[in-house]
Amino acid sequence: KMDQLMAGMPPGAAGQAAPKEPSDDGKLIDLTKTKLDASECYARNEASGFPMTNLFIGDTRLGCKSDTDEQLILHVAFNEFVKVHSMKLTEFNNGANPDENPTIIKLFVNRESMGFEDCDDVEPTQEFELTAEDLKEDAQPLLLKYVRFQRVRSITIFIEDNAGGEISALGGLTFFGRPVAGTNMADFKKQGPE
């Protein structure tokens with residue numbers, strides 16, 4: 001019987017464990033490094049000199065700032081469905097302007113094209129009241145309500161308020177989680193007449 005099972009294996013595979021897909025090992029990965037779909041990410045009310053893309057490069061001195069007031073929308077899209085476990089927000093430039101630190105943020109899962117009115121009208125998936133300590137470089141990531149973040153294609157972050165500054169600023173943003181097995185969006189073909 002074992003010979004029959006091994007007949008379908010490639011040469012040299014007998015006696016070796018089949019390599020596991022990264023999505024099946026249960027380990028958390030940095031989703032913003034490996035699963036981000038940059039073409040689908042956007043921000044609303046971002047300052048042109050401090051765009052959202054700065055959040056993912058690892059230098060908190062660059063970061064992202066809001067433009068005309070303290071509110072900011074950051075829409076993060078992934079290239080496949082993911083399970084999101086936690087999120088790390090880092091203060092701008094090691095806290096050089098603590099009054100610009102976000103204090104109230106709301107997360108919305110799988111909502112496309114959200115504007116500021118939508119953020120007021122739609123029930124958030126999760127809401128956080130942040131302290132300055134939550135945003136420190138060495139602070140632990142913020143745990144998400146894991147049951148609500150099981151099949152995530154995008155997360156919209158609404159920075160509603162800050163610690164009193166004219167604008168809001170973030171130095172970094174990271175999501176931790178893992179892929180949902182077998183959902184690479186690039187594999188989906190557009191259906192319809194050619």
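The values are calculated or read from the model by the stated rules, or taken from the named source; none is laboratory data. Computed from a predicted model, the values in this text were never measured in an experiment. Neighbour counts run over all protein chains shown; Cβ positions are idealised from the backbone, glycine included. The area values use the complete protein model at the heavy-atom level, side chains included, leaving out ligands, DNA and RNA. Shrake-Rupley method; radii C 1.70, N 1.55, O 1.52, S 1.80 Å.
Here is how the numbers come out for the structure above:
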item: All positions within the range 40-53 that are free of Cβ contacts under 8 Å to residues at least 24 places away in the same chain and either within 20 Å of Gly115 (Cα to Cα) or under 14 Å from the mean Cα position of the chain (by Cα) (or both); result: Ser48, Pro51, Met52, Thr53
item: Residues within the range 109-121 that are under 16 Å from Tyr42 (Cα atoms) and assigned to a helix (DSSP H, G or I), tallied; result: 3
item: Checklist (1) under 21 Å from Glu166 (Cα atoms); (2) without any contact (Cβ under 8 Å) to a residue 12 or more places away in the chain applied to Leu74, failing item; result: (2)
item: Looking only at the range 42-60, and only at residues there that are in a loop (DSSP other than H, G, I, E, B) and open to solvent by less than 30 Å² (accessible area, probe 1.4 Å), the one that is modelled with the highest pLDDT; result: Ala47
item: The range 122-140: number of residues that are under 19 Å from the mean Cα position of the chain (by Cα), farther than 21 Å from Asp59 by Cβ and outside any loop (DSSP other than H, G, I, E, B); result: 4
item: Selection count, the range 94-108, where residues are open to solvent by less than 20 Å² (accessible area, probe 1.4 Å) and assigned to a loop (DSSP other than H, G, I, E, B); result: 1
